[in-house]
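Structure first, commentary second.
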Number of protein chains: 2
Amino acid sequence: MSSDTPHPLATTEVDDNLLEVITRGLPDLRKSERRVAEAVLADPSSVLSITLAELARRSGVSEPTVIRFALAIGCEGFRDLRVKLARSLAFARTTSHSAISPTDTLAALVGKVFDFNLSNLNWVRARLDQQTIQQAVDALRNANRIDFFGYGASAIVALDAQQKFPLFGVPCGAPLDGHQMIMTAAMLQPGDVAVSISNTGETEQVRQATRLARERGATTIGITGTQSALLEDCDIGVLVETLENTDLYTPTVSRLSAMVVIDILSTAVSLARDESDQQRFAQMKAVLAKTRAGNRKNKDQ
Amino acid sequence: MSSDTPHPLATTEVDDNLLEVITRGLPDLRKSERRVAEAVLADPSSVLSITLAELARRSGVSEPTVIRFALAIGCEGFRDLRVKLARSLAFARTTSHSAISPTDTLAALVGKVFDFNLSNLNWVRARLDQQTIQQAVDALRNANRIDFFGYGASAIVALDAQQKFPLFGVPCGAPLDGHQMIMTAAMLQPGDVAVSISNTGETEQVRQATRLARERGATTIGITGTQSALLEDCDIGVLVETLENTDLYTPTVSRLSAMVVIDILSTAVSLARDESDQQRFAQMKAVLAKTRAGNRKNKDQ
DNA sequence: TTCTTCAGGTAATTCTACTACAAATTTTGA
DNA sequence: TCAAAATTTGTAGTAGAATTACCTGAAGAA
């Protein structure tokens, strides 16, 4: 696909979000091409239904310039640009997610909440640093014991993590109050891993436990929503940049994002661990299923 | 959009998967249109890059027939078909060939997990019954007390919900073990609401508590991933249809989906409740922020 | 300045999507 | 059963969309 268009801005990976490619490439474009880029970014979804000539008119440039723009951002022509754009827009249909208002119908509200969460996940995906994730995976796969520290809203993420990781044969904990955290952290030793989760990265209880864990020689992984004090305290700092949460009514995004990151970590770790562990995992699931089928009194899922 | 193409197969909602629309509409198409449909279904992604004439040749029909086919399935022409197809394929791509394999690079894995979660949320969105949600909102906004029942993995969703709803001035609980659930349910009375969460809808502890709550006269809301026994037990049954979880390594989807539904419910309820409650909410946030700023020892977020 | 280079436009060209109409096929009614 | 009506499908033609070739003018270098 991009093999015959070796332009510097050509998309390197399979599905890079086209809008992002455009934004990133903006400075490298020529002046009038940039005008096209801005016109596209101003109202991306409309580009799907208008013609090349119309886009040229909107941008105040000639038609060939639009084509040159398309080629410059790694498309094979205007047709291809439309297809790629449609694909990119499929997830984040609403680029400018309008704020939720009390006058919204329920249908509108449902749409907005979904849109917001979807575009948030896209946002997070685009900004997640793979190297850091790799480091975290490496630390976790070799851990003798893993403890998850989360307080308040982040406690839920910690619990989620704690439910997943034991499946790979590593003992896990998720102490929920400050004292328990300290006690748990105090018991850690080299070879253990502490995963601290806090959206603000300022929660004192979590920070204390993290510092203590580090002093004890454990590897510390921090997961926060902003560059924060907690990340400084950690050996490995995973930054999960969520969409600005200007809206009063959707505080879920940070939790949701963190859970997806946890999902990635646990999946990667489980793949990295050796076969025997995977067998143990399958076995364990089988037993669980049997138990559930037997007396209908067991754990959900 | 579909207003000027009042064809019976026209897409009624925003984003129905086009491939599904085609499959569903197959029997209603005329013979030669069906040939086109089959050609498209045989290799959907290639349609994005070929011309109308080429598709006609592949299908063994004339060019106008291809256009008629496009109109028949609710598109506005071949151009529009390509755009809609590209959008649908953005999801389908993940749905079909997203099995995570041990040979995947970390980057591939990250992409797949995100893709899977994103397309899942889209899936859920398309299948969520607004009427049921409306009923749930109506019940919740008038509740004197709300209890969330979840066990195992679903306990996390219950906790999440329990963290959100008290903000609107209603006392909430989320008992986590079977005994506590029964005790809590036994204390409910008319005017109270019990929200039971279970992906399988078969968890016995949750079902027991739910039945008890209903006997006590409380309104019961069930949130499950499949049509299940639990839904039968409830006054209001919210079905959260997630993507088939064939994959061993991503059990998060059901939890994530349920959390988004909870998000919708809490947002809708908060909008529905009167001003005074909203003020209380803002006040509460202010106090929380002050406390955190003061001693740095408070709740996250 | 004059030459060179390159961004960007004009105009011509090709091809694509679509329309009008006619042929072919199927259905209906006597 | 056959002819008329209705419906499906193809042929041929066309508007206009995307693309290309080429030219102009501006900016920078010698």
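The values are calculated or read from the model by the stated rules, or taken from the named source; none is laboratory data. Computed from a predicted model, the values in this text were never measured in an experiment. Backbone-built Cβ (ideal geometry, glycine too); neighbour counts: all protein chains shown.
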Selection from segment A:39-58 of residues that are away from DNA strand C (no atom under 12 Å from the Cβ) and surrounded by fewer than 18 Cβ atoms within 10 Å (Cβ to Cβ): A:Leu41, A:Ala42, A:Asp43, A:Ser45, A:Ser46, A:Ile50, A:Glu54
Residue satisfying all of: in segment A:63-87; in a loop (DSSP other than H, G, I, E, B) and more than 8 Å from DNA strand D (Cβ to nearest atom); nearest to the other protein chains (Cβ to nearest Cβ) among these: A:Cys75
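Given the structure, is B:Leu81 closer than 30 Å to B:Leu239 by Cα, within 13 Å of DNA strand C (Cβ to nearest atom) and more than 21 Å from the chain's Cα centre (by Cα)?
no
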Some residue of segment A:198-216 being of a type outside the set (Val, Ile, Thr), under 15 Å from A:Arg255 (Cβ atoms) and not in a loop (DSSP other than H, G, I, E, B): yes
Tabulated pairs, segment A:93-109, first more than 9 Å from chain B (Cβ to nearest Cβ), second at pLDDT below 70, C-beta under 7 angstrom, 6+ apart or interchain: A:Ala99/A:Asp247
Filter result for the condition that a residue is modelled with pLDDT of 90 or more and more than 9 Å from chain A (Cβ to nearest Cβ), over B:Thr203, B:Thr210, B:Thr242: B:Thr210
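Is it the case that B:Thr219 is in contact with a helix residue (DSSP H, G or I) (Cβ under 9 Å, 6 or more places away or on another chain) and β-branched (Val, Ile, Thr)?
When the stated conditions are applied, B:Thr219 passes them.
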Criterion violated by B:Arg24 - all others in (1) farther than 26 Å from B:Asp129 by Cα; (2) basic (Lys, Arg); (3) modelled with pLDDT under 90 satisfied: (1)
Pairs where the first residue, in segment B:62-77, is at positive phi and the second is hydrophobic (A, V, I, L, M, F, W, C) and assigned to a helix (DSSP H, G or I), C-beta under 7 Å, 6+ apart: B:Gly74/B:Val21; B:Gly77/B:Ile67; B:Gly77/B:Ala70
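Sort out which residues of segment A:113-164 are among the basic types (Lys, Arg), part of a helix (DSSP H, G or I) and more than 9 Å from chain B (Cβ to nearest Cβ), and write them in order of number.
Across segment A:113-164, the qualifying residues are A:Arg127, A:Arg141.
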First in segment B:209-223 and over 12 Å from B:Ser198 (Cβ atoms), second anywhere and among the basic types (Lys, Arg) and outside any strand (DSSP E or B), Cβ under 9 Å, 6 or more apart: B:Ala218/B:Arg145; B:Thr220/B:Arg211; B:Thr220/B:Arg214
A:Glu38, sole failed condition from (1) away from DNA strand D (no atom under 15 Å from the Cβ); (2) away from chain B (no Cβ under 14 Å); (3) in contact with a Lys or Arg (Cβ under 9 Å, 6 or more places away or on another chain): (3)
Residue within segment B:131-150 that is free of Cβ contacts under 8 Å to residues at least 40 places away in the same chain and closer than 27 Å to A:Ala155 by Cα present: no
Residue count, segment A:46-60 (criterion: closer than 17 Å to B:Phe78 by Cα and assigned to a loop (DSSP other than H, G, I, E, B)): 4
Number of the condition not met by A:Glu202 [criteria: (1) surrounded by fewer than 20 Cβ atoms within 10 Å (Cβ to Cβ); (2) of a type in the set (D, E, K, R); (3) more than 17 Å from A:Ala153 (Cβ to Cβ)]: (3)
